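> A single structure is presented below for examination.
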Amino acid sequence: MVLDAKKAYKNLKKKGFIDSPDKSNDHKYLDYVHDGKLVCYTKISHGGKTEIDDYLIKQMSSQCLIDKINFAGLINCNVSEADYINLLREKGEID
């Protein structure tokens, strides 16, 4: 499985992720905040790579507290922000 990095960034932002104040020269950090509490964060390289490979998908899905299939759905707009919140609730990550 491979995902487009620019699409991933854009669609995570649409699902409620916000740019993190933690910045670096080689990554974009995104935070997911629910009810004023930081739930999780992930990062996307903005260097030369335009694709997110299977290894990074696994890492990012773990950072986002969901499995790879649901993470890919989040990126490909098959999983909405409401669906994501429900997944986090089911796992006990948020109330």
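> Could we say that Leu88 is surrounded by 15 or more Cβ atoms within 10 Å (Cβ to Cβ), in contact (Cβ under 8 Å) with a residue 40 or more places away in the chain and either part of a loop (DSSP other than H, G, I, E, B) or not polar (S, T, N, Q) (or both) here?
yes
> If Gly16 satisfies every condition in (1) of a type outside the set (A, V, I, L, M, F, W, C); (2) under 20 Å from Ser80 (Cα atoms); (3) in contact with a strand residue (DSSP E or B) (Cβ under 7 Å, 6 or more places away or on another chain); (4) without any contact (Cβ under 8 Å) to a residue 40 or more places away in the chain but one, which is the exception?
The failed condition is (4).
> Take the residues in region 60-78 that are crowded, with 16+ Cβ neighbours inside 10 Å and without any contact (Cβ under 8 Å) to a residue 12 or more places away in the chain; name whichever of them is nearest to Val39 (Cα to Cα).
Looking at the filtered set, the residue picked out is Ser61.
> Right, another one. Which count do you get for residues in region 39-58 that are touching a residue at least 12 places away in the same chain (Cβ under 8 Å), buried (at least 16 other Cβ atoms within 10 Å of the Cβ) and part of a helix (DSSP H, G or I)?
Within region 39-58, residues that are touching a residue at least 12 places away in the same chain (Cβ under 8 Å), buried (at least 16 other Cβ atoms within 10 Å of the Cβ) and part of a helix (DSSP H, G or I) number 1.
Just so you know, all these numbers are worked out from the coordinates, no wet-lab data involved. Here the structure is a predicted model, which means the values were calculated and not measured. Methodologically, a virtual Cβ is constructed for each residue, glycine included, from the backbone with ideal geometry; neighbour enumeration extends over all protein chains shown.
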